Amino acid sequence: MGFPSVEEVSKSPAFPTTVWKLQPHQSGLLPVAASRGGPINISWEVHGTGPIKLILIGGISLTKFDWQPQTMYFGHERGDKYSVLVFDNRGAGASDRPFMRYSTSEMAHDLLELLDHLNWVAKRELHISGGSMGGMIAQEFAVLAPDRIASLNLHCTAAKLESSGTRGEMVDRLRTLLPRSQESEIRSVANGCFPHEWLLAPDEAELPDENTPECEVPPGGYRRFETNYARFAALDIHMRRTKTGFLLQAVAGGFHLKTPEQLKQLAGRVGRERIMVLHGTADRMISVDHGKKLIGYLQPSKALIVDGLGHAPIYQLTRWFNELLEERCLLGEKLSGR
């Protein structure tokens, strides 16, 4: 069994229901970086009205909608407990795509301005979760505002991108920089992020229904695709990610660097008991050695190396990941005296 084509995915009865109509409780377009080469408009949404403040930071080209399984779980099904911030980094989604040098530090400053705008400024109030480049931005944010962090959760990320020397890893990274068709691009990213057997397995997404708070359900309800690959491809097609934004963000991720000494200081200021590092053995985008090194540098209270996990636990192990993140939030609240 092979992967369906972009045309086949687009003709699926499930395709019109790919993006869930989860209504945000707050949203906007905030100009940031006025003194840093801007202003740059950042598109953001807050789902939920609860006291636990969760920030989800996406990787290269990810948008607000890529987090919809987490947005639904925390901001709608548990919206009385959580307020969940999702946003498009500069260069992605509905945010501006200025043609300039991007860095993970600059994007962390963008986030800091956004959180100040929301008045999420109390000590030990923020539960930060970031994957891939989003995990690098999270590291930079932890340097900027360590005393505002209640929990810091890093998955499938690195202190610095290094080559393990394996041909497969180097080829996967180089391929992302080459011009190609939408078809080959989606397949390449899917193969880099997920185990092949998971991509071919039946679509296992937990879908919104009429009982999901603040969610508009289309006639006939949200529908399943034939495979996990088809759902991933459909979301990518809907997002219409741009090559320019991708490349500028890739530069930011490629030049990200936190030294062992910087990470040691970061961990001490945030508190190792508040930090989690998660990585998968089947990650072909950022190899598991990066996760092991990050664990060694940070010495977090929770360190997980998961067999068979690829680069995107938010999709591959959605329920498990959400429950793990919930556990980390509750621990951070307890450590903060709430």
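A few notes on this one:
- As a summary of the residue check, ASP147 satisfies the conditions (1) modelled with pLDDT of 95 or more; (2) assigned to a loop (DSSP other than H, G, I, E, B); (3) among the acidic types (Asp, Glu) except for the one numbered (2).
- Test: residue in the range 211-224 that is surrounded by fewer than 13 Cβ atoms within 10 Å (Cβ to Cβ), charged (D, E, K, R), at pLDDT 95 or above and within 17 Å of HIS76 (Cα to Cα): yes
- Residues of the range 64-99 that are in contact with a Lys or Arg (Cβ under 9 Å, 6 or more places away or on another chain) and under 29 Å from GLN262 (Cα atoms): VAL84, LEU85, VAL86, PHE87, ASP88, ARG90, GLY91, ALA92.
- Taken over the range 111-133, the criterion of being assigned to a helix (DSSP H, G or I) and out of contact with any helix residue (DSSP H, G or I) (no Cβ under 9 Å at 6 or more places or on another chain) is satisfied by GLU113, LEU114, ASP116, HIS117, LEU118.
- Of the listed requirements (1) of a type in the set (A, V, I, L, M); (2) part of a loop (DSSP other than H, G, I, E, B); (3) closer than 18 Å to TRP120 by Cβ, LEU85 misses just one: (2).
- Condition met for SER61 (crowded, with 23+ Cβ neighbours inside 10 Å and at pLDDT below 95): yes
- If the condition is being among the hydroxyl-bearing types (Ser, Thr, Tyr), in contact (Cβ under 8 Å) with a residue 60 or more places away in the chain and outside any helix (DSSP H, G or I), then the range 261-309 contributes only SER287.
- Matching residues in the range 250-278 - criterion: being touching a helix residue (DSSP H, G or I) at 6+ places or on another chain (Cβ under 6 Å) and either over 25 Å from LYS334 (Cβ atoms) or of a type in the set (Gly, Ala, Ser) (or both): ALA252, GLY253, HIS256, LYS258, PRO260, ALA267
- Residue count for the range 186-237, restricted to those that are free of Cβ contacts under 8 Å to residues at least 40 places away in the same chain and in a helix (DSSP H, G or I): 3.
- Residue that is nearest to LEU54 (Cα to Cα) [pool: residues in the range 310-320 that are in contact (Cβ under 8 Å) with a residue 40 or more places away in the chain and of a type in the set (A, V, I, L, M, F, W, C)]: ILE314
- Pairs, first farther than 18 Å from LEU115 by Cα and in contact (Cβ under 8 Å) with a residue 60 or more places away in the chain in the range 146-165, second part of a strand (DSSP E or B) and polar (S, T, N, Q), C-beta under 9 Å, six or more apart: LEU154/SER129; HIS155/SER129
- Take the conditions (1) within 24 Å of LEU309 (Cβ to Cβ); (2) touching a residue at least 12 places away in the same chain (Cβ under 8 Å); PHE255 misses just one of them, which is (1).
- Neighbours by Cβ (under 6 Å, 6+ apart or cross-chain): first from the range 73-97, farther than 25 Å from ALA150 by Cα; second buried (at least 24 other Cβ atoms within 10 Å of the Cβ) and among the hydrophobic types (A, V, I, L, M, F, W, C): SER95/ILE42
The values are calculated or read from the model by the stated rules, or taken from the named source; none is laboratory data. Predicted model only: the values in this text are computed from it and were never measured. In this analysis, Cβ positions are derived from the backbone assuming ideal geometry, glycine residues included, and neighbour counts consider all displayed protein chains.
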